[in-house]
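*Asks:* Dropping a structure here in structure tokens format, bear with me for questions.
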Amino acid sequence: MKWWRGSSVISMAVGSVLFLCVNGGPASGASTTSTSPIHIAHLCQVIPRVDRLVVTRRAPGDRFVFTFPAVVKVTNVGAAQAVATSACALSNASKSVPDCPAAFFVSYHLVFAVRGEKGMGGAAINVYPAGCQVVRGLGAVRTTAVGVGFYWVLGSAMGLRDASLHSFAGTLNTGG
């Protein structure tokens, strides 16, 4: 990965954090009611200490085709933090999303290593690019269907060029 690619990911992460703080996102500690503060997910509290990321794809057999390996390790600190920041910037999904009828054939398990915490189990989220396009593991269910270019940030961190939702959803295998 060239130095400028990592710098743009870091710049995007810093911009996302500033956006969250100014606009009352999860990092601001703002509340939706006067009696109940927003639960801030563990990952969103430890972003400055995130130093690695392992992305593991879960997909049934050979039903889908992808352009990248099933397990990718991200060792660039800035890139791993950018993914965490982007995930924490996602909007809450509609209340009907947990009952989404679409089958989640393809998913990704993202495990972030956090300095000062044992092993790679510091914080983990699950990303579902198909169906309702949600992220679980950040308190409220979040959506990737609108907004901040989550899949581009994740793909950039993984070394993918021009990644998008379609990169992560895969292509149905029509071959024998």
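The values are calculated or read from the model by the stated rules, or taken from the named source; none is laboratory data. Since we're looking at a predicted model, the values are computed, not measured. As a convention, Cβ positions derive from the backbone with ideal geometry for all residues, glycine included, and neighbour counts pool all protein chains shown.
*Asks:* In segment 140-176, which residues are of a type in the set (D, E, K, R) and assigned to a loop (DSSP other than H, G, I, E, B)?
*Replies:* 161, 162
*Asks:* Further, regarding this structure: Name, by its number, the condition in (1) modelled with pLDDT of 90 or more; (2) over 13 Å from the mean Cα position of the chain (by Cα); (3) on the phi > 0 side of the Ramachandran plot that does not hold for residue 137.
*Replies:* Only one criterion is unmet by residue 137, namely (2).
*Asks:* Please find, within segment 22-55, the residue that is modelled with the lowest pLDDT out of those that are part of a strand (DSSP E or B) and exposed (fewer than 14 other Cβ atoms within 10 Å of the Cβ).
*Replies:* So the residue we want is 31.
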